[in-house]
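Read-outs throughout are calculated quantities, based only on the coordinates presented, and are distinct from any laboratory measurement. Please read all numbers here as calculations on a predicted model, not as lab measurements. Cβ: placed from backbone, ideal geometry, glycine included. Neighbour counts: every protein chain shown.
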Amino acid sequence: MAGPQPLSNILEITPYKGGQKLESGWKLSSNENPLGCSPKAQEAAIEAAKSLHLYPDGGATKLREAIAGKYGIDAERIICGAGSDEIFQLLGRAYLQPGDEILQSQHGFLVYRLVAQQSGAETISAPETDLRTDVDALLERITPRTKIVFLANPNNPTGSYIPYEEVKRLHAEIPENVLLVLDGAYAEYVRHNDYSAGMDLAGEMPNVLVTRTFSKIHGLAALRLGWAYGPASVIDALNRTRGPFNVSAVAQAAGIAAIADDTFQAQSIDHNIAELERVRSAIDKLGFETFTSVGNFFLVRFEQRDGRRSTDADAFLRARGIVVRDVNVYGLPDYLRISIGTKPANDDVIATFEAFAAR
Ligand SMILES: *Cc1c(COP(=O)(O)O)cnc(C)c1O
């Protein structure tokens, strides 16, 4: 007997595969913070775990106020979610239906496509130039069916970014009924004067939403915590679609402590700046093509020659206790994405690449 049948668009979804884990060794496949999280956030989580029988504040009020204070924005125009992933899901529920389109960059973050598929909407991808978002290519693909333009800036897995002037140009040319989502998952890591996460656009414009996460610089990926800031009408729509207690009390408590811990954030940024350049340039000097990144990860390109392919390097690294990200699903079969780890992990990555190059 045939059981209940899910919607056909649901069966078309290829489930998201997270970065793989190892029994032991270095996990450099999910862009996690190698320094862990703020000790204050950990303390706050442990304290909150003493009251697990109580429902959380469904409005995440104190957390929204903490975020608002840090960025000088209106707490009423912030929504928190179980990771920014949940915010993307809410966007799909609130704004997408069959026949609609979302627009993203060629090597854009995979979750946007999954969200579209869940709603029966189509994903249109705009080609990139040198692994970088091409604003004109995006604009050329806006149609009357376009509902959301997703822009991860910096982008994962490429590690590239576009300057704020380009983001503003993109926004200026997009119809007002199309929502521009600026995913700033790696915003804190960027050290360029021409970059902005776009908080002021989200503050002023009726169709710009900024999403942020506690999973990366704050090192709280396990707790699932993200947020978005934008027009009151968009926040209202998302609030209507979310579950009443979508963010756990432990996550809220840790988030409040994490956002106040400027010291930990500064340490994380300093570590990343120094180590990213050290690892990338060492691998580059061994003759591999590497790509400049403003995130906490970078791409390496491999030859299309037996024994030298990305799949060979992936297996070689894995056999030596290093797991990196195969980015085939992003349309980058010749590449591997490597997250920046602790100093010992990075030393090991460099030594293993030396061995791979020498064999
Ligand atoms: C890691 C990442 C996120 C964060 O996802 P969470 O659900 O908040 O953990 C969002 N966008 C991009 C591009 C990412 O790489």
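If you scan the stretch 162-188, which residues turn out to be crowded, with 23+ Cβ neighbours inside 10 Å and touching a Lys or Arg at 6+ places or on another chain (Cβ under 8 Å)?
Leu179, Gly184, Ala185, Tyr186, Ala187
So which of Gln20, Gln5 is touching a residue at least 12 places away in the same chain (Cβ under 8 Å) and in a loop (DSSP other than H, G, I, E, B)?
The conditions single out Gln20.
Just one of Gly99, Gly83, Gly72 is at positive phi and within 15 Å of the ligand (Cβ to nearest atom); which is it?
Result: Gly83 is the single residue among Gly99, Gly83, Gly72 that is at positive phi and within 15 Å of the ligand (Cβ to nearest atom).
Considering each of Ser24, Ser29 in turn, give the residue that is surrounded by fewer than 20 Cβ atoms within 10 Å (Cβ to Cβ) and either among the small types (Gly, Ala, Ser) or touching a Cys at 6+ places or on another chain (Cβ under 8 Å) (or both).
Ser24
I'd like to check something: does the stretch 244-254 contain any residue that is in contact with a helix residue (DSSP H, G or I) (Cβ under 9 Å, 6 or more places away or on another chain) and surrounded by fewer than 18 Cβ atoms within 10 Å (Cβ to Cβ)?
no
Could you list, in sequence order, the residues of the stretch 317-335 that are in a loop (DSSP other than H, G, I, E, B) and within 15 Å of Ser30 (Cα to Cα)?
Val324, Val327
Scanning the stretch 255-295 for residues that are assigned to a loop (DSSP other than H, G, I, E, B) and of a type outside the set (A, V, I, L, M), which turns out nearest to the ligand (Cβ to nearest atom)?
So the residue we want is Gly295.
What pairs can you find where one residue is in the stretch 79-94 and part of a strand (DSSP E or B), the other is aromatic (Phe, Trp, Tyr) and more than 13 Å from the ligand (Cβ to nearest atom), and their Cβ atoms are less than 6 Å apart, with a gap of 6+ or different chains?
Note: no pairs meet the criteria.
How many residues are in contact with a Gly (Cβ under 7 Å, 6 or more places away or on another chain) and polar (S, T, N, Q) if we restrict to the stretch 98-118?
2
Being farther than 17 Å from Ile148 by Cβ, of a type outside the set (A, V, I, L, M) and in contact with a His (Cβ under 9 Å, 6 or more places away or on another chain) is the filter here; which residues of the stretch 171-230 pass it?
Glu188
What number goes with the only condition from (1) under 23 Å from the mean Cα position of the chain (by Cα); (2) free of Cβ contacts under 8 Å to residues at least 24 places away in the same chain; (3) not in a helix (DSSP H, G or I) that Asp314 does not pass?
Every listed condition holds for Asp314 apart from (3).
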